[in-house]
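Taking it in order: structure first as structure tokens, then the write-up.
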Amino acid sequence: MKNKMKRMTLIALGLITFVGGSIFARTPTMPNDVRFSRGVSNCCYYIDWTASGYQNQIVSASNNWVDTGYGWNPIYMTAVSSNYATHMDFYGRNAGSDSYLNNSVVGYTSFWNTDGSMTSQKGQVPTYNYFYTEIVFNTDLSESYDYRIAKHEMGHAFGLLHTEDRYSIMYPTLFNMMVSTVQQGDHDAINYLYNR
Ligand SMILES: [Zn+2]
């Protein structure tokens with residue numbers, strides 16, 4: 001009887017976490033809430049020829065972030081034909097051309113200053129506001145063409161961190177992610193970060 005009670009308690013706690021995570025929590029933002037120094041109301045993005053195979057995914061992701069279905073947010077995105085003064089630049093690379101990529105990394109986002117230097121090493125979150133970002137897809141992996149990747153990496157570019165909430169586009173692994181679009185918690189994190 002005791003054991004049965006314990007098990008039930010665990011299950012109940014699990015449910016509470018699940019409901020709270022999916023309905024009430026906004027997706028975590030980076031330490032000190034660092035973000036695009038220029039805001040997100042005029043986000044220009046550039047797709048390098050190496051990422052041309054990801055164009056549909058990128059356009060779909062930008063449309064999803066601009067119109068999440070959860071009300072207004074400040075994001076507006078425009079595709080441009082050069083990487084001059086853009087917010088986000090997209091590239092396709094593989095492990096042979098990018099030492100940060102390996103067979104478990106489908107894509108990543110890096111954070112840059114106005115002078116073209118990185119604010120932090122690849123794979124580490126920036127510690128101060130950044131001017132632009134680079135998003136790299138791993139062309140070695142067929143999973144990199146999954147439509148969730150561009151949405152997830154854009155979330156990082158905007159300033160969002162990973163979450164343990166499987167019902168968020170910012171869940172860190174595709175295998176266990178239960179959604180394919182930007183969710184309320186992701187949308188709320190953008191408004192928290194940029195409406196101040
Ligand atoms: Zn990620």
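Here M170 qualifies as in contact with a His (Cβ under 8 Å, 6 or more places away or on another chain) and hydrophobic (A, V, I, L, M, F, W, C). Residues considered: T173, T163. Of these, the only one that is in a loop (DSSP other than H, G, I, E, B), within 12 Å of the ligand (Cβ to nearest atom) and in contact (Cβ under 8 Å) with a residue 40 or more places away in the chain is T163. For the structure I just gave you, tell me whether Y54 is more than 25 Å from A25 (Cβ to Cβ) and in contact with a helix residue (DSSP H, G or I) (Cβ under 7 Å, 6 or more places away or on another chain). So Y54 fits the description; yes. Considered as a group, the residues in the stretch 177-192 that are assigned to a loop (DSSP other than H, G, I, E, B) and away from the ligand (no atom under 13 Å from the Cβ) include one that is surrounded by the most Cβ atoms within 10 Å (Cβ to Cβ), and that residue is V182.
Against the definition (assigned to a helix (DSSP H, G or I), modelled with pLDDT of 95 or more and at negative phi), how does I75 come out, yes or no?
Details: assigned to a helix (DSSP H, G or I): no; modelled with pLDDT of 95 or more: yes; at negative phi: yes.
No.
Listed by first and then second residue, the pairs linking a residue in the stretch 34-47 that is on the phi > 0 side of the Ramachandran plot to a residue that is modelled with pLDDT of 95 or more, with Cβ atoms under 9 Å apart and 6 or more places separating them unless they lie on different chains, are G39/P74; G39/Y194.
Residues in the stretch 134-152 that are within 14 Å of the ligand (Cβ to nearest atom), part of a helix (DSSP H, G or I) and in contact (Cβ under 8 Å) with a residue 60 or more places away in the chain: 4 in all.
The values are calculated or read from the model by the stated rules, or taken from the named source; none is laboratory data. Only a predicted model underlies this, so the values are computations on that prediction, with no experimental measurement involved. As a convention, Cβ positions derive from the backbone with ideal geometry for all residues, glycine included, and neighbour counts pool all protein chains shown.
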